[in-house]
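For reference, the structure is listed below as structure tokens.
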Amino acid sequence: MLGAIFERFEKQSPISVMVRGLMERVFAPETIDRIFEENASSQYTRELLFSSLVELMSLVVCGIHPSVNAA
């Protein structure tokens, strides 16, 4: 998920590499899906995992892609 976001920075700043490792652990797809399953009241997972949606939206929010359709 975060590969495209931090790829720009990891060569120029070692701090970015450390933060990337931390964020990959915190925002791991398994963790996001588990939190969703524990807290979803009327929502459910059919084909699209919640972690996939989070990854897609993060690429748009961080400006890697201009829109959801472009991503």
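The values are calculated or read from the model by the stated rules, or taken from the named source; none is laboratory data. Model, not experiment: these values are computed from the prediction. Cβ sites come from the backbone with ideal geometry, for glycine too, and all protein chains shown count toward neighbours. Surface areas here come from the heavy atoms of the whole protein model, side chains and all, with no ligands, DNA or RNA. Shrake-Rupley method; radii C 1.70, N 1.55, O 1.52, S 1.80 Å.
The helices (runs of 4 or more DSSP H) found entirely in the chain that carry 2 or more residues being modelled with pLDDT under 85 are 3-6, 14-26.
Would you tally the residues in region 27-42 being of a type outside the set (Asp, Glu) and loosely packed, with under 10 Cβ neighbours inside 10 Å? Full working, then the answer.
Kept after step one, since they are of a type outside the set (Asp, Glu), are these residues of region 27-42: 27-29, 31-32, 34-36, 39-42.
Next, from what is left, pick out any that are loosely packed, with under 10 Cβ neighbours inside 10 Å: 39, 41-42.
Total satisfying the criteria: 3.
For Glu24, the conditions (1) in contact (Cβ under 8 Å) with a residue 24 or more places away in the chain; (2) loosely packed, with under 15 Cβ neighbours inside 10 Å; (3) touching a Leu at 6+ places or on another chain (Cβ under 8 Å) all hold with the exception of (1). Taken over region 51-71, the criterion of being open to solvent by less than 80 Å² (accessible area, probe 1.4 Å) and over 21 Å from Arg8 (Cα atoms) is satisfied by Ser51, Ser52, Leu53.
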